[in-house]
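*Asks:* The structure under discussion is supplied below as structure tokens; questions concerning it will follow.
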Amino acid sequence: QVQLVESGGGLAQAGGSLRLSCAASGIIFSINTMGWYRQAPGKQRELVAVITSGGSTNYADSVKGRFTISRDNPKNTVYLQMNSLKPEDTAVYYCNAYIRGLYESRWLSYWGQGTQVTVSS
């Protein structure tokens, strides 16, 4: 059974940094796009950053220049380095990945359980 496990959330002060990690586990054939989304209270879930298997990246305008997404393919892990944090970055951050299991013939979208990031002013 494929699952995504996130870590690294917590509390930071404005201007500070946090690093999120998300590791995929299970019987995996291949992982395509991986990404991070976030959902603040009372708001819809929104894209933060995505990275393809080839390393191409895309960021939300609100985090460009402050956040960096990266991945370690042999470890099936995606990271989100968050610098210059702002109070408006406070949200639950979710990892997402398109994964094809070893015994699957199609790609499926998987989500992590979410990790809380709180930025104080």
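The values are calculated or read from the model by the stated rules, or taken from the named source; none is laboratory data. Everything quoted here is computed from the prediction, not taken from an experiment. Glycine also receives a Cβ, built like all others from the backbone with ideal geometry; neighbour counts cover every protein chain displayed. Keep in mind that these areas ignore ligands, DNA and RNA; they rest on the heavy atoms of the full protein, side chains included. Shrake-Rupley method; radii C 1.70, N 1.55, O 1.52, S 1.80 Å.
*Asks:* Quick one: among Gly54, Gly42, Gly26, which has the greatest mean-square fluctuation in a GNM of the chain with alpha-carbon springs under 10 angstrom?
*Replies:* Sorting by GNM fluctuation, first place goes to Gly42.
*Asks:* I would also like to ask the following. If ligands, DNA and RNA are left out, what is the accessible area of Val92 with a 1.4 Å probe, given in Å² to the nearest 10?
*Replies:* The value for Val92 is about 40 Å².
*Asks:* Can you pull out the chymotrypsin sites (Phe, Trp or Tyr not before Pro) in the range 73-121 whose DSSP state is coil and whose Cβ has at most 14 other Cβ atoms within 10 Å?
*Replies:* Passing sites in the range 73-121 are Tyr103.
*Asks:* ³J(HN,Hα) across the range 21-36 via Karplus (A = 6.51, B = -1.76, C = 1.60, θ = phi - 60°), whole Hz, x for Gly/Pro?
*Replies:* Karplus-based 3J(HN,Hα) across the range 21-36 equals 10, 9, 10, 8, 9, x, 8, 10, 8, 7, 10, 8, 5, 10, x, 10 Hz.
*Asks:* Glu104 to Ser84: extension gain in nm, 0.36 nm per residue of separation minus the Cα-Cα distance? Kindly include the intermediate steps, with their values, before the conclusion.
*Replies:* Values: separation 20, 0.36 × 20 = 7.20 nm, distance 4.07 nm.
My answer for the length gained is 3.1 nm.
*Asks:* From the phi of every residue in the range 91-100, what ³J(HN,Hα) in whole Hz does the Karplus formula 6.51 cos²θ - 1.76 cosθ + 1.60 yield, where θ is phi - 60° and glycine or proline is x?
*Replies:* 4, 8, 9, 10, 8, 9, 8, 9, 10, 10
*Asks:* Loop only per DSSP, at most 12 neighbouring Cβ atoms within 10 Å: give me the trypsin sites (Lys or Arg not before Pro) in the range 1-79, ordered by residue number. Can you show the working numbers first?
*Replies:* Details: sites: Arg19, Arg38, Lys43, Arg45, Lys64, Arg66, Arg71, Lys75; in loops: Lys43, Arg45, Lys64, Arg66.
Counting only loop positions with at most 12 other Cβ atoms within 10 Å, the trypsin sites (Lys or Arg not before Pro) in the range 1-79 are Lys43, Lys64.
*Asks:* Whole number please: convex hull volume per residue of the Cα set in the chain, in Å³? Walk me through the numbers on the way to the answer.
*Replies:* Working: hull volume 11.4 nm³, N = 121.
Per residue, the Cα convex hull of the chain comes to 94 Å³.
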